[in-house]
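See below for the structure under consideration.
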Amino acid sequence: MNRRRFLGIGAAAVGAGALGAFAVPAAARLLTEGQPGLLLSSAVELPEAFQVPLPLPPVLRPVRSDGSTDYYEITQQVARLEILPGLRTESWTYGGSYPGPTLAVRAGRETVVRHRNELPVPSVVHLHGGHTPADSDGYPIDLILPTASGGSGDAKGHAAMAGMAGMAGRAGMEGMEGMEGMEHGAALALARTTNGDRTYTYPGRQRAATLWYHDHRMGFTGPGIWRGLSGFHLVHDDEEDALPLPRGDRDLPLMLADRAFAEDGSLRYPAIDPAALTVPGVTDEYMNGVLGDVLLVNGAPWPRLDVDRARYRLRLLNASNARLYRLELDPQPAGGDALVQIGGDGGLLEAPVAHDAVEIAPAERFDLVVDFSRYPPGTSVRLMNRLGSERTAEVMRFDVSSRPVQDDSAVPERLAAFERLDPAAAATTRTFGFRRSRNDGWTINGRPYVPGRALARPALGTTEIWRFFTDLHHPVHLHLDHFQVLSRNRREPGPYDAGWKDTVDLRPTEAVEVLVRFTDYPGAYMLHCHNLEHEDMAMMADFVVE
Ligand SMILES: [Cu+2]
C-alpha cells in the first residue's frame, strides 16, 4: 500500500522516501532563502496595481440574540468569486465571500456560531486567538462532514472518512510499533465528528482584540485557507470603547494574503492530492511553504483606498500560508514613526509603540494607527512589503484626499490596563524544538503530529515558561491562552513582541521564551507552526490542560 495514502488524514508526514531522496538539495535551498517558502507563479497576466477599490468584508448580523448570547449562522460553500478583474475563481468560502463575513462581538457576551458545511470536503473551524472551551476550539479531527449537497451524493463523505479509516488501519496493522499504534487508535476514539453542521460556542471571556476564524482540518489547513476559508472576528469591550481611537469608517480590518492563479482564474496550489481529501501536504519543492505572486488585501489584488487627512486604525492580519511581510509606508511622513502600534494578537498594548516598519508573520495581527494628516493633500502613499520583490513588494495604496475634515481621534499615552505575568511564578519550564526531520517531515521535539499524544500537561490555573527553538523559520501559535514574550535569544523581547500574543515569529536558529497562564478551560489544545504547509506536514502537537 502507498504509505502516503495509508497515512491519510493522519498527516503524520509526507513519506520518508520522498524526504530522503530530496534531503540534500532541499535542505540547501531551505537554508539559503531569507523568506521561507517557494514562489508559485500565476499563469495569468497580473492586473495593474491600485486599480481596485479596497473591499471591506460584510459584517454578519446575528440571527437572534437573547440576554446573554448572540447566535450566528454561516454556510460554508463553494463560490465563484471575481478576485482578478474579468476572471472567476472557484473558492471555498464562509457565506459566499472572501474574506468571510466579519463577526463583531462584545466581550462578556456569549457568541454561538452554527456552521453548515456545503463544501466538497470536511471542515473544522478554529477561532484564532479565541479563549475557547476545548470542544469548540476546532480540534483538527473534530470534522464537520459535508452535507449531502456539499459533495456529489454521500460519496464525498465516504471519501472524507477514508483517511480516518486509514488511521484505524494503521493502528491495527502497525500495532507492533507499540505506543505509536495505540496513539492512532486513541486518536480515532477522540474524533468528535458531526454530519452537515456544527455549533461552536465562544463564551467571550476575553478582552477586545482582532481575532480571526479559519479552517483547521488536520492535514488540509493549507489548501482550506488558500481557497478562501478565513474571516475576521472582532471582540469589542468597554475599555477600548472609552478610548478616543479612530472608529467607524476609519477602523479598517485588513487581511493580507498571497495567492497564485491558473490561466482560467482558478487558484493554483501544489497539493499532493488536489481534491484535498486523502493525502495531506504539498509536493516536495514546496514543503517549506507556498508563496503566491498576487498580493490580496481583503480579497482584492493590490487595492487602493481614498483616505481623509485623519487618523486611521488599520487592523492588519497576515492570513497568508507562509509569507512573511515587512510593511512600511512609502513615502514615510516627515519625522518617521508612521506606524503607531496600539495592539497585537491579544488586544491593546499598555502604551503605543511607534515603528517605521513592522514585520508580520503568518497569523499575527498588528493594530496600527496611521495619521494621514501628516501627508500633504493629494499624496499617494503605498504600503510596501520590503521582504517582497517585483510585484510582491507592493501591497496597497492610500490616496490622501484634499478635502478638509474633522478628526477628534487621538492615541492616548496609556491605552489599557496590562497585567504583566511574573516569570518567578512559573510552575515549570518546558522546551519545544521546531525542526525538520529527515524521516518525519516537520516535527516538534522530534515528533510528527499524532492526535491524542500530548507533549505537555499543564495544570489549570498555573503559569509556565515555554521555550521554543527552531532550525528554520517558524511562526509558533498556541491555542487557548495568549502569552507574553519573556526573552528572545536570551535577550529582551524584539520590537514586534509587545503585548499579549498568540503567535510568535521565530527566525532560523532563534530561541524565544514565553510566559503563558492556562485559564478557565481544561482539555486538549494545539501548539503548532502557523506556516500552513509545515502545519499540514505534521508540525503540531497537543497539550492537555488538566
Ligand atoms: Cu514552521
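The values are calculated or read from the model by the stated rules, or taken from the named source; none is laboratory data. Because the structure is a prediction, the values reported are computed rather than measured. When we count neighbours, we look across all protein chains shown, and the Cβ atoms used for this are built from the backbone with ideal geometry, even at glycine.
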Looking at segment 406-422, can you tell me whether even one residue there is under 28 Å from Ala257 (Cα atoms) and exposed (fewer than 13 other Cβ atoms within 10 Å of the Cβ)? no
Members of segment 496-522 found to be away from the ligand (no atom under 16 Å from the Cβ) and surrounded by fewer than 19 Cβ atoms within 10 Å (Cβ to Cβ), listed by number: Asp497, Thr519, Asp520, Pro522
Condition test on Arg268, is it within 26 Å of Ser409 (Cα to Cα), away from the ligand (no atom under 16 Å from the Cβ) and of a type in the set (Lys, Arg)? no
Being buried (at least 16 other Cβ atoms within 10 Å of the Cβ) and charged (D, E, K, R) narrows Asp70, Asp66 down to just Asp70
Output for segment 181-221, where each listed residue is part of a loop (DSSP other than H, G, I, E, B), among the charged types (D, E, K, R) and at pLDDT 95 or above: Arg205, Arg207, Arg217
Which members of segment 345-367 meet the condition of being in a strand (DSSP E or B), surrounded by 24 or more Cβ atoms within 10 Å (Cβ to Cβ) and of a type outside the set (A, V, I, L, M, F, W, C)? Gly347, Arg365, Asp367
For segment 87-140, the count of residues that are charged (D, E, K, R) and assigned to a loop (DSSP other than H, G, I, E, B) equals 4
So His534 clears everything in (1) within 13 Å of the ligand (Cβ to nearest atom); (2) assigned to a strand (DSSP E or B); (3) of a type outside the set (Val, Ile, Thr) except one condition, right? Which one? (2)
Within segment 239-264, the residues that are part of a helix (DSSP H, G or I), farther than 26 Å from Ala361 by Cα and touching a residue at least 40 places away in the same chain (Cβ under 8 Å) are Glu239
